[in-house]
Every structure is written in structure tokens, then in C-alpha cells.
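Chemist: The following block contains the structure, expressed as C-alpha cells.
The values are calculated or read from the model by the stated rules, or taken from the named source; none is laboratory data. Bear in mind that the values here come from a model prediction, so they are computed numbers and not experimental data. In this analysis, Cβ positions are derived from the backbone assuming ideal geometry, glycine residues included, and neighbour counts consider all displayed protein chains. Please note that ligands, DNA and RNA were not included when accessible areas were found on the heavy atoms of the full protein model with its side chains. Shrake-Rupley method; radii C 1.70, N 1.55, O 1.52, S 1.80 Å.
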Amino acid sequence: MPHDRIDAVLRAELATLEQEGRAKGAENVLTGFIQVGNGRGPRYWIDGKGPFLRMNANNYLGLALRDEVMRAGHDGVERFGAGPGAVRFISGTWETHVVLEQRLAQFHGREAAMIFSSAYAATIGMLPQILSADSAAISDALNHNCIINGMRLARPKLRHVYPHLDRAALEARLADAAKQCRRAIIVTDGIFSMRGDHAPLADIANIIARHDGDFAENILLVIDDSHGVGAFGATGRGTEEVTGARADILVGTLGKAFGVNGGYIAASRAIVDYLRETAPTYVYSNPISPGEAAAATAAIDIVDSATGRALLDHLRRMAARFRDGLARLGFETLPGEHPIVPLLVRDTARTNALIAYLRRHHVLATGLAYPVVPKGDEEIRFQICADHTEADIDECLRVLSQFEGRAS
Ligand SMILES: Cc1ncc(COP(=O)(O)O)c(C=O)c1O
């Protein structure tokens with residue numbers, strides 16, 4: 001039967017998204033890459049055209065293209081096949097999944113860890129289970145979409161969103177929740193993905209210490225450090241390492257700095273045991289493939305070694321070189337050490353012009369314009385990777401230096 005009436009409605013909604021500037025538009029299809037060598041990192045082809053310098057990948061340590069990681073993935077496929085073949089509790093738990101979970105728990109110094117098909121699946125699977133009907137959910141205003149939707153799926157007694165990084169507002173919301181709820185869950189990104197800034201975990205831990213006694217079932221701190229783990233901190237332990245504080249539930253991804261795919265939660269044994277039985281995106285959805293799990297374990301082994309610390313060191317130096325270069329060119333950016341480097345343009349037309357200019361000069365970056373971000377917060381997001389070289393960073397800066405709208 002033709003669906004002409006609903007198709008017309010959906011097309012009209014798509015047209016509205018486009019008119020409002022909120023559509024993501026046609027996707028870039030990556031059709032290949034080369035390892036250039038001679039002091040330059042990899043270059044990519046899009047729709048057969050290139051080479052492009054990719055300044056918008058989450059592959060912060062360059063592990064997606066690293067031999068040891070790719071080889072571990074191949075071996076996993078050869079030993080166990082291309083896919084898991086079932087969900088975990090039926091017959092889809094392979095040795096590489098279990099090894100990876102043990103390695104993640106050890107890496108993060110936790111009693112246990114469990115993997116999901118993505119960090120998104122981990123968060124939307126976990127939050128509704130941990131937010132009981134007697135709970136308060138307290139969340140930073142700039143949290144990632146998976147937290148926003150996880151909170152929507154949950155049915156807690158209270159939902160509070162506090163202004164970005166506003167400790168006083170967070171504490172006021174907690175004090176308010178103490179009068180009505182048995183449990184409180186504070187949930188925040190570790191690294192915020194648009195700006196590369198991070199949650200003040202040590203301050204939040206102090207706030208929790210002041211109020212925990214007011215809740216019959218405690219206050220739990222949940223962080224999603226998808227952009228922090230493997231990219232931030234001297235040994236890649238992310239926002240926890242940089243702030244010296246720890247979450248009760250840590251969500252991470254295997255698809256950014258670890259260079260593979262999938263997500264995970266690291267926590268106490270009690271929390272992980274509970275979520276294995278109750279989180280629907282774990283119970284009723286396939287895990288990552290056995291090969292991906294083997295590749296991810298190899299990636300963690302690299303991060304947790306002298307090689308990993310050297311990669312992190314190089315990454316920090318390249319991010320600093322880029323931040324300093326932007327400042328020298330008179331662009332506005334935010335201070336910090338994280339490889340997400342925002343160039344604050346603060347104007348929609350100029351953001352779009354700069355993104356198009358970069359593309360014409362074979363540099364890939366991400367433009368965030370109104371209404372995706374509020375007016376005045378328009379930015380270009382650059383992401384530095386350990387496989388960028390000094391020459392790559394300087395090439396991007398040279399292109400930016402010749403942008404004619406630079407001084408406006
Ligand atoms: C903070 C945060 N959490 C979760 C995700 C999703 O990670 P995954 O691709 O593993 O679902 C992202 C991805 O952009 C993110 O920025």
C-alpha cells in the first residue's frame with residue numbers, strides 16, 4: 001500500500017529542519033585513506049575526492065589505524081566469527097567479551113565492568129534502572145544527548161537541570177531533593193563534547209560528601225567520560241585522573257580514543273550485577289562483535305603502556321600547538337589541555353563560511369551554528385589526534401591564517 005500521506009508529512013518536517021538550519025544534511029562518505037609519511041599523518045578521501053586532513057575525528061590516539069589493534073580485531077574474527085550470534089545471556093558471550101570487561105575494570109580500578117553496543121546504549125540502558133521512582137536526577141545543562149534521553153526514559157520523582165558547571169545551583173537542587181527523595185543521582189559528562197571543558201568532579205564530590213547523609217539510599221555520581229578516557233590525563237584515565245575524584249558509575253566508549261566501537265560501564269560489583277540483569281540495552285541487544293572486543297583489549301593494553309603515555313604526551317603537545325597557533329592568529333578559543341579545541345566564531349554566517357572555506361582547502365572540521373547552539377556560541381570544533389604531526393597542525397593553521405574573514 002502506498003504511504004503517500006505519511007511520506008508527505010515526513011517530507012514537510014524534513015524541509016522545516018532544513019529551513020531552520022538544524023538538518024545534518026548529506027553524509028560524507030569516506031572512501032579511503034593513505035598513510036602519507038615524511039612527517040605527515042594520514043589523509044582521507046571523501047566520495048573519491050581528496051586528500052583531506054581530518055580534524056574532526058574522535059580517534060584521539062590514532063589507535064583505529066594502528067597495526068596491533070587491527071591485527072587483534074582480525075584474530076578475534078578468525079577465532080570466533082564476524083558477529084556474536086546472540087545476546088549475552090542466550091549464547092552471545094564470547095571469551096573476548098569477558099577478557100575485555102576484566103581489562104576495563106582493572107584499567108579504571110573498579111570491581112567490575114560491563115560492555116554495551118555503544119556508550120549511548122550504556123547510558124540510556126543504565127539511567128532508567130538506577131533512577132528509581134523515589135530518586136532525584138540532577139543533570140548539567142550541556143550533557144550529551146544520551147543523558148538527556150536516558151533521563152526522559154526514566155521515571156524519577158524529580159528531574160533537575162542545573163546551568164553548565166554551576167556548583168551552587170547543583171548544591172541547591174540537591175538540598176531541595178533531600179526533602180523529597182530517598183536517592184539522588186548526579187549525572188554529568190566528564191569532558192563536554194562541544195567545548196572540551198570538563199566537569200568539576202572534585203567540587204561535586206565535596207558537595208556529595210556534605211549531603212549524602214540526607215538520602216536514605218545515598219547520592220551516586222554518574223559520569224559519561226566518552227571524550228575523556230584515553231584522551232585526557234597523564235595516563236588516559238580521563239576526567240577522574242585530572243580532577244582526582246571518582247564517579248560511582250563511569251560510562252566510557254570504545255569508539256573514540258580506543259579507536260574501535262562499543263561502550264561500557266565501570267562500577268562496583270553490586271551495580272554491575274544489577275545492571276546485567278536489568279538494563280534492557282544490555283539484556284536484549286547484541287554485544288559488540290568478538291573481534292571488536294579483542295581489538296578494544298589490544299587498544300587498552302597500548303594506552304596502559306609506555307607507548308600510550310608517549311602518544312598522550314604527543315597529543316597534548318599537538319593540542320597546545322594548535323591552541324597557541326589559533327591565539328596567535330587572533331582567533332578566540334577556550335583554554336585547556338583536551339584535544340577538542342573550539343574556535344569560537346560567535347556568528348552563524350561566518351561559521352558556515354569558514355567551514356566551507358576549510359573544506360575547499362581540504363581540511364575537515366565541524367561547524368556548530370545556530371540553532372544547534374545558542375546565538376553567540378557558534379563555533380568550529382577541531383579535534384586533534386595523536387596521528388597529527390607538527391606539519392599537519394601547521395598546515396591547518398596556515399589555511400586558517402589565509403581566511404579572509406579572519407579579522408572581522
Ligand atoms: C559524551 C558522549 N557520550 C556518548 C557518546 C556516544 O558514544 P557512542 O558512539 O559509543 O555511543 C558521545 C558521542 O559523541 C558523547 O560525546
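Chemist: With a 1.4 Å probe and all protein chains left in place, how much of the accessible area of the stretch 112-209 comes from carbon and sulfur atoms, in whole percent?
Modeler: 53 percent
Chemist: Is the C-alpha gyration tensor of the stretch 329-392 telling us rounded, prolate or oblate? Criteria: a/c under 1.5 is rounded; beyond that, a/b larger than b/c is prolate, otherwise oblate.
Modeler: In terms of gyration-tensor shape, oblate.
Chemist: Take the solvent-accessible surface of the protein heavy atoms, probe 1.4 Å, and return the percent of it on the stretch 1-84 that carbon and sulfur atoms account for.
Modeler: Exposed carbon and sulfur together represent 53 percent of the surface.
Chemist: Rounded to whole Å, give me the distance from the Cα center of the stretch 257-277 to that of the stretch 129-195.
Modeler: 20 Å
Chemist: Then there is this: Run through the stretch 1-92 and list the GluC sites (Glu not before Pro) located in a DSSP loop whose Cβ has at most 11 other Cβ atoms within 10 Å.
Modeler: Numbers: sites: GLU13, GLU18, GLU20, GLU27, GLU68, GLU78; in loops: GLU20, GLU27.
Sparse-neighbourhood loop GluC sites (Glu not before Pro): GLU20, GLU27.
Chemist: Oh, and also: With a 1.4 Å probe and every protein chain left in place, work out the accessible area per residue of the chain in Å², rounded to a whole number.
Modeler: I get 45 Å² per residue for this part.
Chemist: With Cβ to Cβ distances under 14 Å as the rule, what net charge do the other residues near HIS74 carry (K, R +1; D, E -1)? It would help to have the intermediate numbers written out before the result.
Modeler: Numbers: positive: ARG66, ARG71, ARG79; negative: ASP67, GLU68, ASP75, GLU78, GLU292.
With Lys, Arg at +1 and Asp, Glu at -1, the net is -2.
Chemist: Which far-off residues, 5 or more places away or on another chain, put their amide H under 5 Å from the one on ASP224, with H placed in the peptide plane?
Modeler: Under 5 Å from the amide H of ASP224: THR188, ASP189, GLY190, VAL251.
Chemist: As an exercise, use a Förster radius of 22 Å and the Cβ-Cβ distance of GLU404 and ASN352 to find the FRET efficiency, rounded to the nearest 0.05.
Modeler: Approximately 0.90, to the nearest 0.05.
Chemist: Percent of accessible area on the stretch 249-349 owned by carbon and sulfur, 1.4 Å probe?
Modeler: On the way: 1830 of 3650 Å².
Its accessible area is 50 percent carbon and sulfur atoms.
Chemist: Summing Lys, Arg as +1 and Asp, Glu as -1, what charge do residues with Cβ under 12 Å from the Cβ of ALA202 carry, ALA202 excluded?
Modeler: Surrounding charge for ALA202 is -1.
Chemist: Take the chain, connect every pair of alpha-carbon atoms lying under 10 Å apart with a spring to form a Gaussian network, then pick out the residue of ALA247, ALA169, ALA119 with the largest mean-square fluctuation.
Modeler: ALA169
Chemist: Sorted by accessible area with a 1.4 angstrom probe, largest first, how do VAL9, VAL345 fall?
Modeler: Reading off the accessible areas and sorting them downward yields VAL9, VAL345.
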